[in-house]
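Student: Here it is, the structure, as structure tokens.
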Amino acid sequence: MRLYLLALNPTDSVTEGFLPAAARLGLEVTVLTDDVVAHREAYKGLPCPPEFRQCAVRDFREVISELSRGPAPVAVFTNSDHLQAQAALAAQYFGLPGKDWQAAYRAKNKAEARRCLRAAGLDTVWAAELAPGQDPATLADVPYPCVVKPREGVASEDVVLVEDLDGLTRFAAEVQERRRGAVLLVEEFLAGELRTLETLGDGASRQVIGGFRTAISEPPAFIELSLEFVEHPRAITDQVLAQLDALGVGFGACHTEFVVQADGRARLIEVNYRAIGDRMDLALEQILGVPYFEHVLRVHLGEPLPADLGARTGQTSYSLYICADRAGTLTAAPEPFDRTVDGIALSYRTFREVGAEHPYYRTNRDYLGVIQGIGPDQAALQRIAQEFVAENVWTIEP
């Protein structure tokens, strides 16, 4: 049975999550990617490395053409933000289970998502698209301070809070100089506590499998600094699910970011129609004690979700990210590890290797590593993570 997996850059979610899960399910995997060299290097240590094929994966026509030349697929899957609509269209072409391509498009295009929610009468957020070369002064009634971000962006990249027209003009020019042809979204700033909702569906049913409370950096940037596993009140969850219903989101994995305002109102920030990243999906599997990645792949094989996933209770998690605060070369950092401390499963993983030189992005791309703890006591998890950071050194030389 052949699973085709569409990918851009390699990720831990695929390397440590979905590929081992596919092997356990007895699937043969072909990775379609525009960077075969990077994927071959990332997977060289796996016991069952996949087949690789070069493909212009951003173009659904090329994906369909490539699939037609190989063994018949039993599933087409991607965990990439950028490739959900392409994978959905390819799955539909071959008559396979998959996401609705229109829902995938709405989730990816933040302006379209805002329009859809407004039309459904669920939420109205002031938002306007800024085309390449368009003068920001032509936008009427901008509610400053406002958020500016790429319409199809991800991972807090080029997302900034601007205070006035001058700031909007300067930031838009800077981003569109680097992202030629990119449309920006200028939208109302939604204040509140940032949270996530993680869901999994088979097209007929959908289950909430968890959520996180997220601490972020002070504006103007929005960098995720830490996440703790939490159970959201039903009143909050129901509001988010209603908005996902309006967007048509209900198949496979979905990671939704939203804020909870002082009056208890849940307002979407963005919908990422995939599993949560930055190693949080790997943590989720440990917290719940269920084969999360296998469940995701099984629904793409056409299998229904069990009515009860058998998730354990009584466990929580805390993940603290170590971020670069300047450009330069990382010259010292702790080694990755897995250990148990006071009954807590503790791990440290690197995002940047010693000797690597990077600019200062002011986004999640500044992550140097993450310390994660899983156990029953949230206070203990935070204490141990913070002690680890205090006892170790990350050195960046100019």
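Student: Just one of the numbered conditions (1) over 22 Å from residue 215 (Cα atoms); (2) open to solvent by 10 Å² or more (accessible area, probe 1.4 Å) is not true of residue 264; which one?
Tutor: Unmet condition: (1).
Student: Return the pairs, sorted by first residue and then second, in which the second residue is of a type in the set (S, T, N, Q), the first residue lies in region 314-342 and is without any contact (Cβ under 8 Å) to a residue 40 or more places away in the chain, the beta carbons are less than 6 Å apart, and the residues are 6+ apart or on different chains.
Tutor: 336/350; 338/347
Student: Scan region 58-77 and report the pairs whose first residue is on the phi > 0 side of the Ramachandran plot and whose second residue is at pLDDT below 95 and not β-branched (Val, Ile, Thr), with Cβ atoms within less than 7 Å and a gap of 6+ or a chain change.
Tutor: If the second residue must be at pLDDT below 95 and not β-branched (Val, Ile, Thr), no pairs are left.
Student: Are there any pairs, at least 6 apart or on different chains, whose C-beta atoms fall under 6 Å, with the first in region 282-297 and under 16 Å from residue 346 (Cα atoms) and the second polar (S, T, N, Q) and crowded, with 21+ Cβ neighbours inside 10 Å, and if so, which?
Tutor: Close Cβ pairs (under 6 Å, with a partner that is polar (S, T, N, Q) and crowded, with 21+ Cβ neighbours inside 10 Å) amount to 283/317; 283/372; 287/317.
Student: Let me ask something additional. Go through (1) outside any strand (DSSP E or B); (2) more than 22 Å from residue 15 (Cβ to Cβ) one by one and return the number of the condition residue 334 breaks.
Tutor: The number of the failed condition is (2).
Student: Shifting gears a bit: List the residue pairs whose Cβ atoms are under 9 Å apart, where the first residue sits in region 84-96 and is without any contact (Cβ under 8 Å) to a residue 12 or more places away in the chain, the second is in a helix (DSSP H, G or I), and the two are 6 or more positions apart or on different chains.
Tutor: Filtered contacts from region 84-96: 92/101.
Student: Taking residue 67 as the residue in question, decide whether it is of a type in the set (A, V, I, L, M, F, W, C) and modelled with pLDDT under 95.
Tutor: Answer is no for this residue.
Student: With the condition being open to solvent by 10 Å² or more (accessible area, probe 1.4 Å) and under 30 Å from residue 127 (Cβ atoms), I'd like the helices (runs of 4 or more DSSP H) fully within region 1-112 carrying at least 2 qualifying residues.
Tutor: Answer list for region 1-112: 84-93, 101-108.
Student: While we're here: Do we have residue 216 as within 21 Å of residue 81 (Cβ to Cβ) and surrounded by fewer than 18 Cβ atoms within 10 Å (Cβ to Cβ) here?
Tutor: Yes; evaluated as a whole, the condition is true for this residue.
Student: Do we find a residue being in contact (Cβ under 8 Å) with a residue 60 or more places away in the chain and crowded, with 16+ Cβ neighbours inside 10 Å anywhere in region 160-169?
Tutor: Initially, region 160-169 is screened for residues in contact (Cβ under 8 Å) with a residue 60 or more places away in the chain, giving 160-161.
Applying the additional criterion that residues be crowded, with 16+ Cβ neighbours inside 10 Å yields 160-161.
Yes, region 160-169 has at least one match.
Student: Could you check how many residues of region 278-321 are open to solvent by less than 20 Å² (accessible area, probe 1.4 Å), assigned to a helix (DSSP H, G or I) and within 30 Å of residue 366 (Cβ to Cβ)?
Tutor: Residues meeting the conditions: 9.
Residues checked against (1) open to solvent by 30 Å² or more (accessible area, probe 1.4 Å); (2) closer than 22 Å to residue 113 by Cα; (3) at pLDDT 95 or above:
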{"position": "132", "(1), (2), (3)": "yes, yes, no"}
{"position": "142", "(1), (2), (3)": "no, yes, yes"}
{"position": "146", "(1), (2), (3)": "no, yes, yes"}
{"position": "153", "(1), (2), (3)": "no, yes, no"}
{"position": "158", "(1), (2), (3)": "no, yes, no"}
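Student: Yes or no: residue 362 in a loop (DSSP other than H, G, I, E, B), surrounded by 14 or more Cβ atoms within 10 Å (Cβ to Cβ) and touching a Pro at 6+ places or on another chain (Cβ under 9 Å)?
Tutor: Values: in a loop (DSSP other than H, G, I, E, B): yes; surrounded by 14 or more Cβ atoms within 10 Å (Cβ to Cβ): yes; touching a Pro at 6+ places or on another chain (Cβ under 9 Å): yes.
Taking the combined requirement at face value, the residue satisfies it.
Student: Still on this structure, I have one more. Please determine whether any residue of region 177-191 is in contact with a Lys or Arg (Cβ under 6 Å, 6 or more places away or on another chain), closer than 22 Å to residue 284 by Cβ and crowded, with 20+ Cβ neighbours inside 10 Å.
Tutor: There is no residue in region 177-191 that is in contact with a Lys or Arg (Cβ under 6 Å, 6 or more places away or on another chain), closer than 22 Å to residue 284 by Cβ and crowded, with 20+ Cβ neighbours inside 10 Å.
Student: Under the condition of being part of a loop (DSSP other than H, G, I, E, B) and either on the phi < 0 side of the Ramachandran plot or in contact with a strand residue (DSSP E or B) (Cβ under 9 Å, 6 or more places away or on another chain) (or both), which residue from region 113-130 is surrounded by the fewest Cβ atoms within 10 Å (Cβ to Cβ)?
Tutor: Here the residue is 124.
Student: Just to be sure before I move on: is residue 251 touching a residue at least 60 places away in the same chain (Cβ under 8 Å), touching a Lys or Arg at 6+ places or on another chain (Cβ under 6 Å) and either farther than 28 Å from residue 380 by Cβ or surrounded by 15 or more Cβ atoms within 10 Å (Cβ to Cβ) (or both) in the structure I sent?
Tutor: Working: touching a residue at least 60 places away in the same chain (Cβ under 8 Å): yes; touching a Lys or Arg at 6+ places or on another chain (Cβ under 6 Å): yes; either farther than 28 Å from residue 380 by Cβ or surrounded by 15 or more Cβ atoms within 10 Å (Cβ to Cβ) (or both): yes.
In short, yes.
Student: Just one of the numbered conditions (1) touching a Lys or Arg at 6+ places or on another chain (Cβ under 9 Å); (2) surrounded by fewer than 19 Cβ atoms within 10 Å (Cβ to Cβ); (3) β-branched (Val, Ile, Thr); (4) over 17 Å from residue 259 (Cβ atoms) is not true of residue 138; which one?
Tutor: (1)
Student: So which strands (runs of 3 or more DSSP E) are wholly in region 153-262 and hold at least 3 residues that are among the acidic types (Asp, Glu)?
Tutor: The strands (runs of 3 or more DSSP E) meeting that bar are 193-202.
Student: Follow-up. Name the residue, out of 383, 339, that is in a strand (DSSP E or B) and surrounded by fewer than 20 Cβ atoms within 10 Å (Cβ to Cβ).
Tutor: From the options 383, 339, the qualifying one is 339.
The values are calculated or read from the model by the stated rules, or taken from the named source; none is laboratory data. Note that the structure is predicted; figures quoted are calculated from it, not measured. Using ideal geometry, Cβ is built from the backbone for each residue, glycine included, and neighbour counts are taken over all protein chains shown. Side chains included, ligands, DNA and RNA excluded: accessible areas come from the protein's heavy atoms. Shrake-Rupley method; radii C 1.70, N 1.55, O 1.52, S 1.80 Å.
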